[in-house]
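Trainee: Handing you this structure, nothing more for now.
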Amino acid sequence: MILFDTHAHLEGEEYAADRDGMIARARSAGVVHIVNVGFNLESSRRSVRLAEEYDLIYAAVGIHPHDAAEAGSGYLEELREMAAHPRVVALGEMGLDYYRDLSPRPVQQRVFREQLALARELELPFIIHDRDAHGDLMKILRENRPGPSGGVLHCYSGSWEMARECLALGLYLSFAGPVTYPNANRLKEVASRVPLDRLLIETDAPYLSPAPYRGKRNEPAYVVFTAEEIARLRGLKTEDLAKVCTENGRKLFRIA
């Protein structure tokens, strides 16, 4: 089995005591690639350093909507410089979060638009965070249509109707641990209907652990549980589903 965890946050203190062991467990589970995703400038720098240290890790650099209000006037130039690193494969995560509203919504929207423009300029794919902001997020994407490098809505949480529009924009949809939860009926429906060539899986570690580990720290090895559930929903072998998702991730992030 080969697996690609397309979204994780492994640079934090949650793994300080056993980061090497966590990476070893990922390898043993069949994980061949991990995209470690920044959420502000400092975490993005740490993400790049982590990608330099571990051969299966690649980095994404960006400003999460929670941190949008703290992005200084020079943040785009710093992201541009980091994005030139050969281990950086995407910009993100970026987007909107109206659940916590930790940054004013107009600021979230501005920083999201600016990063979308930077992704187009640099010809890099983008990674989108969307929580309770479907309407405004889709409006911004319609007005700032993705370039040829495309992007992904990570930890997808919208409807099938929204998914269809995202697919029409050329985007990938990625699913995390919540698709394994017994009551996630709408999410299961979407995961069963997304075209196989637009489907990605992730952990969002250390968050959103799949059902067997719900409430505990997540880690990349657990991406197999998401693969198993989506394979079950689609009547596929887990190995086949995992292989397709790995190939999709390699294509999006241009990993040989």
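The values are calculated or read from the model by the stated rules, or taken from the named source; none is laboratory data. These figures come from a predicted structure and were not determined experimentally. As a convention, Cβ positions derive from the backbone with ideal geometry for all residues, glycine included, and neighbour counts pool all protein chains shown.
Residue-wise test of (1) on the phi > 0 side of the Ramachandran plot; (2) within 19 Å of the chain's Cα centre (by Cα).
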position: GLU143; (1), (2): no, no
position: GLY147; (1), (2): no, yes
position: GLY150; (1), (2): yes, yes
position: GLY158; (1), (2): no, yes
position: GLU161; (1), (2): no, no
position: GLU165; (1), (2): no, yes
position: LEU173; (1), (2): no, yes
position: ALA176; (1), (2): no, yes
position: THR180; (1), (2): no, yes
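Trainee: So GLU53 fits all but one of (1) more than 25 Å from PHE4 (Cβ to Cβ); (2) without any contact (Cβ under 8 Å) to a residue 24 or more places away in the chain; what number is the exception?
Mentor: (1)
Trainee: Okay, next question. Give the residue that is surrounded by the fewest Cβ atoms within 10 Å (Cβ to Cβ), with candidates limited to residues of segment 59-77 that are out of contact with any Asp or Glu (no Cβ under 7 Å at 6 or more places or on another chain) and part of a helix (DSSP H, G or I).
Mentor: So the residue we want is GLU77.
Trainee: Any idea which of ARG80, ARG113 is surrounded by fewer than 17 Cβ atoms within 10 Å (Cβ to Cβ), free of Cβ contacts under 8 Å to residues at least 60 places away in the same chain and within 19 Å of the chain's Cα centre (by Cα)? Before the answer, list the steps.
Mentor: Details: ARG80 fails: within 19 Å of the chain's Cα centre (by Cα).
Answer to the selection: ARG113.
Trainee: Which residue, of ALA221, ALA256, is at pLDDT below 95 and closer than 23 Å to ILE57 by Cα?
Mentor: On inspection, the qualifying residue turns out to be ALA256.
Trainee: Among the residues of segment 191-200, is there at least one that is modelled with pLDDT of 95 or more, under 25 Å from GLU14 (Cβ atoms) and in a strand (DSSP E or B)? Quick ask: steps written out before the conclusion?
Mentor: Just the residues of segment 191-200 that are modelled with pLDDT of 95 or more, to begin with: 191-200.
This time we only want the ones that are under 25 Å from GLU14 (Cβ atoms), so: 200.
Add one more test, that the residue is in a strand (DSSP E or B), and what stays is 200.
Taking every residue of segment 191-200 in turn, at least one turns out to be modelled with pLDDT of 95 or more, under 25 Å from GLU14 (Cβ atoms) and in a strand (DSSP E or B).
Trainee: Further question on the same structure: I need a count of the residues in segment 225-254 that are basic (Lys, Arg) and touching a residue at least 24 places away in the same chain (Cβ under 8 Å). Show your work before the answer.
Mentor: Keep residues of segment 225-254 that are basic (Lys, Arg), which gives 232, 234, 237, 243, 250-251, 254.
If we keep only those that are touching a residue at least 24 places away in the same chain (Cβ under 8 Å) as well, we get 234, 243, 250, 254.
Looking only at that region, the number is 4.
Trainee: Given the criterion over 18 Å from ARG120 (Cα atoms), among the aliphatic types (A, V, I, L, M) and surrounded by fewer than 20 Cβ atoms within 10 Å (Cβ to Cβ), identify the matching residue among LEU56, LEU50.
Mentor: Numbers: LEU50 fails: surrounded by fewer than 20 Cβ atoms within 10 Å (Cβ to Cβ).
Of the residues listed, the single one that is over 18 Å from ARG120 (Cα atoms), among the aliphatic types (A, V, I, L, M) and surrounded by fewer than 20 Cβ atoms within 10 Å (Cβ to Cβ) is LEU56.
Trainee: Among the residues of segment 92-110, what is the count of those that are within 17 Å of TYR75 (Cα to Cα), touching a residue at least 40 places away in the same chain (Cβ under 8 Å) and in a strand (DSSP E or B)?
Mentor: Of the residues in that region, 3 qualify.
Trainee: Return the residues of segment 120-141 that are within 13 Å of GLY92 (Cβ to Cβ) and in a helix (DSSP H, G or I); say none if nothing qualifies. First the steps, then the outcome.
Mentor: Step one: filter segment 120-141 for residues within 13 Å of GLY92 (Cβ to Cβ), giving 122, 124-130.
Scanning segment 120-141 gives a single hit, LEU122.
Trainee: Please enumerate the residues belonging to segment 83-100 that are out of contact with any Asp or Glu (no Cβ under 6 Å at 6 or more places or on another chain), surrounded by fewer than 20 Cβ atoms within 10 Å (Cβ to Cβ) and closer than 18 Å to ASP136 by Cα.
Mentor: The answer is ARG100, and nothing else.
Trainee: Whether any residue in segment 165-172 is over 30 Å from LEU122 (Cα atoms) and either assigned to a loop (DSSP other than H, G, I, E, B) or at pLDDT below 95 (or both) is what I want to check.
Mentor: Applying the first criterion (over 30 Å from LEU122 (Cα atoms)) to segment 165-172 yields none.
Looking for residues that are over 30 Å from LEU122 (Cα atoms) and either assigned to a loop (DSSP other than H, G, I, E, B) or at pLDDT below 95 (or both), one finds none in segment 165-172, hence no.
Trainee: Among (1) touching a helix residue (DSSP H, G or I) at 6+ places or on another chain (Cβ under 9 Å); (2) surrounded by 13 or more Cβ atoms within 10 Å (Cβ to Cβ), where does SER28 come up short?
Mentor: (2)
Trainee: Of all the residues that make up segment 1-24, how many are under 19 Å from the mean Cα position of the chain (by Cα), assigned to a helix (DSSP H, G or I) and of a type in the set (Asp, Glu)?
Mentor: Number satisfying all stated conditions: 1.
Trainee: Here is a follow-up. Are any of the residues in segment 25-39 of a type in the set (A, V, I, L, M, F, W, C), closer than 15 Å to PRO220 by Cβ, part of a helix (DSSP H, G or I) and in contact (Cβ under 8 Å) with a residue 24 or more places away in the chain?
Mentor: So the first thing to find is which residues in segment 25-39 are of a type in the set (A, V, I, L, M, F, W, C), and the list is 26, 29, 31-32, 34-35, 37, 39.
Checking the rest, the ones that are also closer than 15 Å to PRO220 by Cβ come to 26, 29, 31-32, 34-35, 37.
Then keep just the ones that are part of a helix (DSSP H, G or I); that gives 26, 29.
Keeping just the survivors that are in contact (Cβ under 8 Å) with a residue 24 or more places away in the chain gives 26, 29.
Among the residues of segment 25-39, at least one is of a type in the set (A, V, I, L, M, F, W, C), closer than 15 Å to PRO220 by Cβ, part of a helix (DSSP H, G or I) and in contact (Cβ under 8 Å) with a residue 24 or more places away in the chain, which makes the answer yes.
Trainee: Based on this model, can you work out whether THR203 counts as among the β-branched types (Val, Ile, Thr), closer than 21 Å to VAL35 by Cβ, surrounded by 14 or more Cβ atoms within 10 Å (Cβ to Cβ) and without any contact (Cβ under 8 Å) to a residue 60 or more places away in the chain?
Mentor: Details: among the β-branched types (Val, Ile, Thr): yes; closer than 21 Å to VAL35 by Cβ: yes; surrounded by 14 or more Cβ atoms within 10 Å (Cβ to Cβ): yes; without any contact (Cβ under 8 Å) to a residue 60 or more places away in the chain: no.
Considered against the rule, which asks whether it is among the β-branched types (Val, Ile, Thr), closer than 21 Å to VAL35 by Cβ, surrounded by 14 or more Cβ atoms within 10 Å (Cβ to Cβ) and without any contact (Cβ under 8 Å) to a residue 60 or more places away in the chain, THR203 comes out as no.
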